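Scroll down for the structure; my scribbles are underneath it.
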Amino acid sequence: MKYSSQMVAKPYFIFALILLAGEILFGITMSIQYIYGDFLFPMLPFNVLRMVHVNLLIVLLLFGFMGATYYLIPEEAERELWSPLLAKITFWVFVVAGVLTILGYLFVPYAELTKLTMNDLWPTMGREFLEQPTITKLGIVLVVVSYIFNVTMTVIKGRTTTISIILLTGLFGLAFFFLFAFEFSDNMITDKFFWWFVVHLWVEATWELILGALLAFVLVKLTGVDREHIDKWLYLIIAMTLIAGLAGTGHHFFYIGLPGYWLWIGSIASAAEPIPFFLMILFAYNMIKNRRIQDDNKIALTWAKGTAVVGFLGAGVWGFMHTLAPVDYYTHGTQLTAAHAHLSFFGAYVMICFTLISYAMPILRGRPHGNCAKAQKVELTSFWLMVIGMIGLTLALTVAGVMQIEMQRIPDSAHAMAFMDVQAKLSTIYIIRSLFGVMTFVGLLVYFYSFFVKEERVAI
Amino acid sequence: MTERITKDMARNIYFGGGLFAILVFVGLTFDTVKQIPKLSHASKITKSVALGKKVWENNDCVGCHTLMGEGAYYAPELGNAFKRLGGGDEAAFKAYLAGWMAAQPLHVKNRRKMPQFHLTPTQVNNLADFLIWTSRVNNQDWPPNIQG
Ligand code: HEM
Ligand SMILES: [Fe+2]
């Protein structure tokens, strides 16, 4: 560790991992309710579990990004963080706000929660992923603004690099597009339109810049490749991200009451969205081929490669499957959508957090050459358990989606099967999905265990 | 191939392409916002429809259901519930919905459950008006059939 203020990253990483464990546990619980509707009902209805599941995901990724940034920015800027104290305060503010909100979901009926937090004053609740009370949303803004301010000040006062500029661009974009979460209207169609300004323009525009910058940072460190070379790749990746990803928002505007031109614009633009993800694979492998140094932290490089590959599978391949309007007419809002959502979020964003954690945590724990070989071996096992678990889960959901489309969507009204009847037919596949979910969780436990594997003493 | 592209060229593609993409997207956004009132029949958003939307949001219906294909995939699509459950007849749909909301949760073992929300008759009426309005939005004739 070159700068002592990088240490503030540690609690962010640890808390992100704890939240991930919670996220997966709630996911497994939901997957059981998918098959046995009485499981935990009415104590915890499905929508409550789902709210906790997806909110934990978003918050854990924000913690992961913040930890990653606080680790990376001092090294890039070649100076201490502008205010480590501010970073510590925002950590605790975010933890308290997050925990209170989750407890609110679990123990207060949602309608009560809307009253308690005076949602009528500024109604932003009851939307997918954005279920948080308005006051929590304001808290998130506060936390994110202080975080970006801290990072910006550090960059301004120190060295600027392409990586830090692109990371900051992504962060400013993240903050800007979150403001659309505060939009409200009596017209549901207007709400739906702007909802995607948060969701799509996060994961397929601004977060992709963050992803590119984080991946580039780890590759610079682990391969020692010339920055000129890395920067060029990074610019190409984010150029394609914006060119395809902005108009690509149109792939969500096909069937929700918006103008027909989105059928064309959304299909064509978003068909190019896999390109930046593919470039990330070429980028990672090209850097590794041209590497100048051999870092002992091999597992971090495995995570970096894994992020590029699984991110491309989830976002690029599974995204492309349903991104053309005539296909989406049949696949829209089916288990196929769920399949894509799982592998893309995991492959791109959860795995980049693992990459940064596996790269930085050993250094933060006083092991500049990475963990010992034995610990890395354990971690490699966890890598494969989680990756295979998530790919298996995705394949199961894909099969469920295709069967749902065949039975419920393709036949005409006289012959199509009702939603609930179709779901009953898919129960075996849902059991398989649950098992792969459990495998992913076991993988995470093995990952936790790898932190405690001790250095082997060499007998002389 | 990438050997021939220099860092400066890549940066110019980023700034040029990015700026172009932003301008196109902003332009389309303004046009879309202008067209939404007509496509959604905004003039038909009565007080009751607006209140129904509130009931929908305050009870997180979207945490189990989809509305025009967006939401959760645990329970049936409700964007076309008026057509599926009311056959396009407003009075019939209102009666059905009132009965349905009052009967939850259904006591069928192991079947997925919908909670009891304890809504007032006015709230259920608002909800029905909201779902009737939703089903009439011009959304390129989605879903493909009545099952949603
Ligand atoms: C890491 C990047 C990505 C993430 C995290 C992601 C995540 C998601 C999520 C969560 C949804 C479901 C939204 C909902 O609840 O309605 C979704 C839908 C969708 N995504 Fe992605 N996505 C990514 C990249 C892509 C890419 C690159 C494409 C296209 C090539 C794509 C195409 C789609 C389409 C067409 C839908 C709508 C599916 C439907 O109609 O139901 N996604 N995505
Ligand atoms: Fe998207």
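The values are calculated or read from the model by the stated rules, or taken from the named source; none is laboratory data. Values in this document were obtained by computation on a predicted structure and should not be read as measured data. Cβ: placed from backbone, ideal geometry, glycine included. Neighbour counts: every protein chain shown.
Looking only at region A:339-361, decide whether some residue is touching a residue at least 12 places away in the same chain (Cβ under 8 Å), of a type in the set (S, T, N, Q), within 24 Å of residue A:252 (Cβ to Cβ) and near ligand 1 (Cβ under 8 Å from one of its atoms). Show your work before the answer.
Taking region A:339-361 and keeping what is touching a residue at least 12 places away in the same chain (Cβ under 8 Å), we get A:339-340, A:342-361.
Filter again for of a type in the set (S, T, N, Q), leaving A:344, A:355, A:358.
Cutting the leftovers down to within 24 Å of residue A:252 (Cβ to Cβ) gives us A:344.
Those left that are additionally near ligand 1 (Cβ under 8 Å from one of its atoms): A:344.
The answer is yes; a qualifying residue exists.
Checking residue A:318 against (1) aromatic (Phe, Trp, Tyr); (2) more than 14 Å from residue A:395 (Cβ to Cβ); (3) buried (at least 24 other Cβ atoms within 10 Å of the Cβ), which test does it fail?
Condition (2) is where residue A:318 drops out.
Please note which helices (runs of 4 or more DSSP H) are completely contained in region A:277-368 and include at least 1 residues that are under 26 Å from residue A:261 (Cβ atoms). Walk me through it before giving the result.
On the way: elements: A:298-311, A:318-321, A:325-331, A:335-344, A:351-364.
So the answer is A:318-321, A:325-331, A:335-344.
Can you name the number of the only condition in (1) touching a residue at least 24 places away in the same chain (Cβ under 8 Å); (2) part of a helix (DSSP H, G or I); (3) within 30 Å of residue B:42 (Cα to Cα); (4) within 12 Å of ligand 1 (Cβ to nearest atom) that residue A:255 fails?
So the condition that residue A:255 fails would be (2).
Taking the criterion of being within 12 Å of chain B (Cβ to nearest Cβ) and more than 24 Å from residue B:37 (Cβ to Cβ), would at least one residue in region A:154-164 satisfy it? Outline the logic, then answer.
Looking only at region A:154-164, we keep the residues that are within 12 Å of chain B (Cβ to nearest Cβ), and these are A:162.
If we keep only those that are more than 24 Å from residue B:37 (Cβ to Cβ) as well, we get A:162.
So far as region A:154-164 goes, yes, one or more of its residues are within 12 Å of chain B (Cβ to nearest Cβ) and more than 24 Å from residue B:37 (Cβ to Cβ).
For residue B:79, which of the numbered conditions (1) under 26 Å from residue A:415 (Cβ atoms); (2) of a type outside the set (Ser, Thr, Tyr); (3) surrounded by fewer than 21 Cβ atoms within 10 Å (Cβ to Cβ) fails to hold?
Condition (3) is where residue B:79 drops out.
Quick check on my filter: what residues within region A:140-188 are of a type in the set (Val, Ile, Thr) and either on the phi > 0 side of the Ramachandran plot or without any contact (Cβ under 8 Å) to a residue 12 or more places away in the chain (or both)? Break it down into steps so the answer makes sense when it comes.
Taking region A:140-188 first, the residues of a type in the set (Val, Ile, Thr) are A:140-141, A:143-145, A:148, A:151-152, A:154-156, A:160-163, A:165-166, A:169.
Passing the criteria: A:156, A:165.
So, residue A:185, is that one surrounded by fewer than 20 Cβ atoms within 10 Å (Cβ to Cβ) and not β-branched (Val, Ile, Thr) or not? It would help to see each step written out before you state the result.
Working: surrounded by fewer than 20 Cβ atoms within 10 Å (Cβ to Cβ): yes; not β-branched (Val, Ile, Thr): yes.
Yes; evaluated as a whole, the condition is true for this residue.
Would you pick out the residues in region A:416-460 that are within 26 Å of residue B:67 (Cα to Cα) and either among the aliphatic types (A, V, I, L, M) or at pLDDT below 95 (or both)?
If the condition is that a residue be within 26 Å of residue B:67 (Cα to Cα) and either among the aliphatic types (A, V, I, L, M) or at pLDDT below 95 (or both), then A:416, A:417, A:418, A:420, A:422, A:424, A:426, A:429 are the ones that fit.
Would you list the helices (runs of 4 or more DSSP H) that sit entirely within region B:3-101 and hold 3 or more residues that are over 17 Å from the mean Cα position of the chain (by Cα), among the charged types (D, E, K, R) and within 10 Å of chain A (Cβ to nearest Cβ)?
On the way: elements: B:7-39, B:47-58, B:81-86.
Per the criteria, B:7-39.
Can you go through B:67, B:23 and tell me which one is surrounded by fewer than 21 Cβ atoms within 10 Å (Cβ to Cβ) and either among the hydrophobic types (A, V, I, L, M, F, W, C) or within 16 Å of ligand 2 (Cβ to nearest atom) (or both)?
Details: B:67 fails: surrounded by fewer than 21 Cβ atoms within 10 Å (Cβ to Cβ).
Step by step, each of B:67, B:23 is checked, and only B:23 is surrounded by fewer than 21 Cβ atoms within 10 Å (Cβ to Cβ) and either among the hydrophobic types (A, V, I, L, M, F, W, C) or within 16 Å of ligand 2 (Cβ to nearest atom) (or both).
Inside region A:321-330, can you point out the residues that are surrounded by 21 or more Cβ atoms within 10 Å (Cβ to Cβ) and more than 12 Å from ligand 2 (Cβ to nearest atom)?
Residue satisfying the conditions is A:325 alone.
Does residue A:195 satisfy being crowded, with 19+ Cβ neighbours inside 10 Å, at the interface with another protein chain (Cβ under 9 Å from one of its Cβ atoms) and modelled with pLDDT of 95 or more?
For residue A:195, the condition - crowded, with 19+ Cβ neighbours inside 10 Å, at the interface with another protein chain (Cβ under 9 Å from one of its Cβ atoms) and modelled with pLDDT of 95 or more - is met.
Kindly evaluate residue A:26 against the criterion of being among the aromatic types (Phe, Trp, Tyr), over 15 Å from residue A:151 (Cβ atoms) and in contact with a His (Cβ under 6 Å, 6 or more places away or on another chain). Write out each step before concluding.
Working: among the aromatic types (Phe, Trp, Tyr): yes; over 15 Å from residue A:151 (Cβ atoms): yes; in contact with a His (Cβ under 6 Å, 6 or more places away or on another chain): yes.
Spelling it out, residue A:26 is indeed among the aromatic types (Phe, Trp, Tyr), over 15 Å from residue A:151 (Cβ atoms) and in contact with a His (Cβ under 6 Å, 6 or more places away or on another chain).
Got a sec? Which of B:103, B:128, B:95, B:72 is out of contact with any strand residue (DSSP E or B) (no Cβ under 9 Å at 6 or more places or on another chain), buried (at least 18 other Cβ atoms within 10 Å of the Cβ) and among the aliphatic types (A, V, I, L, M)? Steps first, answer last, please.
Numbers: B:103 fails: buried (at least 18 other Cβ atoms within 10 Å of the Cβ); B:95 fails: buried (at least 18 other Cβ atoms within 10 Å of the Cβ); B:72 fails: out of contact with any strand residue (DSSP E or B) (no Cβ under 9 Å at 6 or more places or on another chain).
Within the list B:103, B:128, B:95, B:72, the selection yields B:128.
In this structure, does residue A:257 turn out to be facing another protein chain (nearest Cβ under 9 Å), on the phi > 0 side of the Ramachandran plot, in contact with a helix residue (DSSP H, G or I) (Cβ under 8 Å, 6 or more places away or on another chain) and of a type outside the set (A, V, I, L, M)? First the steps, then the outcome.
Details: facing another protein chain (nearest Cβ under 9 Å): yes; on the phi > 0 side of the Ramachandran plot: yes; in contact with a helix residue (DSSP H, G or I) (Cβ under 8 Å, 6 or more places away or on another chain): yes; of a type outside the set (A, V, I, L, M): yes.
Spelling it out, residue A:257 is indeed facing another protein chain (nearest Cβ under 9 Å), on the phi > 0 side of the Ramachandran plot, in contact with a helix residue (DSSP H, G or I) (Cβ under 8 Å, 6 or more places away or on another chain) and of a type outside the set (A, V, I, L, M).
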